[in-house]
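J.: Before I ask anything, let me first share the structure, which is written out below as structure tokens.
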Number of protein chains: 2
Amino acid sequence: MSTTEAAPVVGTRRRLTEIGPDCSALARGAAILGTGGGGDPYIGRLLAEAAVREHGPVPVVAVEDLPDDAVVLNVAMIGAPTVMVEKLPSAGQFAEAIRSLATHLGVTPTHIACIEVGGVNSTSPIVAAAELGLPVIDADAMGRAFPEVQMVLPTLSGISATPMALADEKGNTAVFDTVDNRWAERLARTATVEMGCSAITAQYAMSGAQVKESYVRGSLSRCVELGEALADARAANEDPVAAVAAVLGGTVVFEGKVADVERKTVTGFARGTARIVGSGPDTGLEARLRFQNEHLLVEVAGSVRTTTPDLIVTLDAETGEPITTEGLRFGARIRVVTAPADERWHSAGGLGLAGPTYFGYDTPAVRHDGTVSEGATR
Amino acid sequence: MSTTEAAPVVGTRRRLTEIGPDCSALARGAAILGTGGGGDPYIGRLLAEAAVREHGPVPVVAVEDLPDDAVVLNVAMIGAPTVMVEKLPSAGQFAEAIRSLATHLGVTPTHIACIEVGGVNSTSPIVAAAELGLPVIDADAMGRAFPEVQMVLPTLSGISATPMALADEKGNTAVFDTVDNRWAERLARTATVEMGCSAITAQYAMSGAQVKESYVRGSLSRCVELGEALADARAANEDPVAAVAAVLGGTVVFEGKVADVERKTVTGFARGTARIVGSGPDTGLEARLRFQNEHLLVEVAGSVRTTTPDLIVTLDAETGEPITTEGLRFGARIRVVTAPADERWHSAGGLGLAGPTYFGYDTPAVRHDGTVSEGATR
């Protein structure tokens, strides 16, 4: 088994101050942090770049610089990534979701934020922010991507997902107000399925102070850093996968070829399993990836190597380009990188929300480095 | 076949001016006009009577006396009657649905109205009106009961069902704003199913002028008249079924015993078929009732006798008590009465909304008297 040890996390090289018309590095980094989910990053990139070209650059505000009384709304695509690829949202749909929520709340938003940093939902808020002339916050509510509405760090702080607005491409909107964030997930998910398995949501309205308390800081900057590290390594003929692992503070745990992928879209999610036949240092071994929109568990040689909440990233073995779960194809040569999640996900509450047991896997949470997560044994 | 000819409609004997603590006649009449659907009338009666006992009588306003600028909200239970029986809504749930919608619209309602006159939804608005200290309107949007949100006369006038609020017994609410009333039905129905197959809805916000244009007038008075006619006939040892048919301007089309009932709850509806073996004047014949919450079609001796939108009412053969589709039991002796719907339902638009073809029955609309509805042949 290849276990290239990565360099320790060194923090972001530079802090983003605005999103310009080239979102390639951001989208590539977002696809890495999307851990296979969060939708096709190129869709997100195209939408964000078009919005910036039309409305001008979007200012990026660091969490430290956010006023405590800022009115922050989160904007995201919700649904099955397999469907999002075929049903592009319009810029107006993002604005409609925000308008719905803001009207319902009777507030005027001052900032737009990312609910997850993975895939298309790193750039969704940029589309909305450009449309509305608002800044985005350099942060997100997960530090990765997760498939369900309640799976965010603000839930651990008792912050409500609702009122939560949904908007579809036909002009229908819905606003939910639920007793807890699990109910927000249930009602929003069934509405999303009825709307055609994909919608735009505005949710988790909160103050600047709440963002400071519960968000993962520097997420957009980290995306750009990841995307640039990948491109720089390739330009310098260095190993791009190792470069990505280094920025993530993670490890390359498997190399091989995709042998089978079994997937189905169930209740609005893309669920499945991929079998990887080892090559190079992993010749003779097999790995299995299990996903629900995002990669949630990787087994190597029959043993659980790493589970959610830590990050499991699939990259093209040569180019280092991130591969989404729906992009996994028979014969693709990939390397699998595991990396640490925000430590709050390893609390008992965090593991209850998004640990392997929640997703139906009968295993304690196993960290990126193969050790059992303490929260899980408590 | 028994075809007791009924007396022509004579209009309501007296106009209701308030709902007092005895809702027995109203609930019984509502069960008749519910044409088998609209939920258990005794649940509606109990809820309304409890609300009136707690908050005092509810004033009833005639449509003629309604100010054009009145702010009217409609309140109803939505879901499968089979479930409503087991999951009683609280008075607070009605108020919560109205509060949700009123807040969303930024209005203060002045009147509460009935969306349908059948079953529990004749009395649902009384519960809400008592809670809120508002009058109810002596009218409804159908002149009967139908199972789907868009199936109301206001749809024919271009009035929107949305914004539409749903409230469940757990404290969850949803507000939908849709491109048309069919979409309101789709999104509200899936949310209702997720909420446990039964919820309270506040919908079809409209002005007094719109009520005047699109409502069926005198519906609550008609319920009371029906309920009293039934009770009076029984007290006088006259035939209660004939008395009900007379008030409805309808006809007794079949008498017999329930032989089989096949029913299932599908996507939030109670659908099914009942087979009736003839007795008395119909000995040797068979009838079949087809329902989706409400009775939609009756066949006698293999021929379609009457279809939606006209009324098909099942009554206990002896007592004349209305029997809901979920109350149809093997061995029950019933008589089937057909009666005319509001004539607007026989327009092309009306038949498109709620004619037999919409429900998947391959037949033109057949009126209560056995003639084919003109709208259907156009």
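J.: If one computes P(r) from the Cα atoms of segment B:18-217, what percent of pairs lie at distances over 29 Å?
T.: 10
J.: Ok, one more. Could you pull the copy-to-copy label distances for residue A:170, with points set 7 Å along Cα to Cβ, in nm to one decimal and sorted shortest first?
T.: Reported distances to equivalent positions: 2.6 nm.
J.: A further question follows. Would you kindly work out, in nm and rounded to one decimal, the distances from the label point of residue A:352 to those of the same position in each other copy, ordered shortest first, with label points 7 Å along Cα-to-Cβ?
T.: Nearest first, the other copies' label points are 5.3 nm away.
J.: Same structure, new question: Lys/Arg Cβ at +1, Asp/Glu Cβ at -1, dipole of the protein assembly as shown taken about the Cα centre: which of A:20, B:74, B:249 is farthest positive-ward?
T.: Value: B:249.
J.: About the Cα centre of chain A, how large is the charge dipole given +1 on each Lys and Arg Cβ and -1 on each Asp and Glu Cβ? Please answer in debye to the nearest 20.
T.: Approximately 540 debye in magnitude.
J.: Still on this structure, I have one more. Could you state the angle between the C-alpha long axis of helix B:181-194 and the longest principal axis of the C-alpha atoms of chain B, as a value from 0 to 90 degrees rounded to the nearest 10?
T.: Tilt of helix B:181-194: around 90 degrees.
J.: Give the shape of segment B:52-170 as rounded, prolate or oblate, defined through the alpha-carbon gyration tensor: a ≥ b ≥ c are the square roots of its eigenvalues, a/c under 1.5 means rounded, and otherwise the shape is prolate if a/b is larger than b/c and oblate if not.
T.: On the way: a/c = 1.30, a/b = 1.09, b/c = 1.19.
Cα axes put segment B:52-170 in the rounded bin.
J.: Kirkwood Rh over alpha-carbon pairs of the protein assembly as shown, then Stokes-Einstein at 37 °C and 0.692 mPa s: what D in µm² s⁻¹, rounded to an integer?
T.: Reported coefficient: 116 µm²/s.
J.: Reported to two decimal places, what Rg/Rh ratio describes chain A when computed on Cα atoms with Rh from the Kirkwood expression?
T.: Rounded to two decimals, Rg/Rh equals 0.95.
J.: Taking the Cα centre of the protein assembly as shown as origin, sum charge times position over the Cβ atoms of Lys and Arg (+1) and Asp and Glu (-1), and report the length of that vector in debye to the nearest 20.
T.: About 940 debye.
J.: Grab the other residues whose beta carbon is less than 9 angstrom from that of residue B:326, score K and R as +1, D and E as -1, and report the net.
T.: Combined, the nearby Lys, Arg, Asp and Glu give 0.
J.: Give me the net charge of residue B:110's neighbourhood, meaning all other residues with Cβ under 14 Å from the Cβ of residue B:110; Lys, Arg count +1, Asp, Glu -1.
T.: -3
J.: What angle do you read, to the nearest 10 degrees and between 0 and 90, between the alpha-carbon axis of helix B:219-235 and the longest principal axis of chain B?
T.: Between helix and principal axis, roughly 40 degrees.
J.: Return B:207, B:198, A:124, A:214 ranked ascending by Cβ neighbour count within 10 Å, so the fewest neighbours appear first. Spell out each step's value before the answer.
T.: Working: B:207 17, B:198 24, A:124 30, A:214 20.
Starting with the residue having the fewest Cβ neighbours, the order is B:207, A:214, B:198, A:124.
J.: Next question, about the same structure. Can you compute the helix-only [θ] at 222 nm over chain B? Use -39500 (n - 2.57) per DSSP H run of at least 4 residues, normalise by all residues, nearest 500 deg cm²/dmol.
T.: -9000 deg cm²/dmol
J.: How far, in nm to one decimal, is residue A:92 from itself in the other copies if the label point is set 7 angstrom along Cα toward Cβ? Shortest first, please.
T.: With the label placed 7 Å along Cα→Cβ, residue A:92 yields 4.2 nm.
J.: Could I have the simple spin-label model distance between residue B:259 and residue A:18, label points 7 Å from Cα toward Cβ, reported in nm to one decimal?
T.: 8.1
J.: Still on this structure: What lysines sit close enough to residue B:87 to cross-link, taking a C-alpha to C-alpha distance under 26 Å and skipping anything fewer than 8 places away on the same chain?
T.: B:170, B:264
J.: Run the quick spin-label model on residue B:238 and residue A:286: label points 7 Å from Cα toward the beta carbon, then report their separation in nm to one decimal.
T.: Roughly 8.3 nm, to one decimal.
J.: Related question: Just to be sure I understand the curve: with the Debye formula and one point per C-alpha of segment A:244-377, what is log10 I(q)/I(0) at q = 0.14, 0.15, 0.16, 0.17 Å⁻¹?
T.: Results for segment A:244-377 at q = 0.14, 0.15, 0.16, 0.17 Å⁻¹ read -0.58, -0.67, -0.76, -0.86.
J.: If you find the alpha carbon centre of segment A:277-294 and of segment A:335-378, how far apart are they in angstrom?
T.: 19
J.: Hey, how many Å between the Cα centroid of segment B:144-185 and the Cα centroid of segment B:227-272?
T.: Each part's Cα centre sits 28 Å from the other's.
Rule-based calculations on the coordinates, nothing more; no lab input. Quick caveat: nothing in here was measured; it's all calculated off a predicted structure. Here the Cβ is made from the backbone with ideal geometry for all residues, glycine too, and neighbour counts use every protein chain on show.
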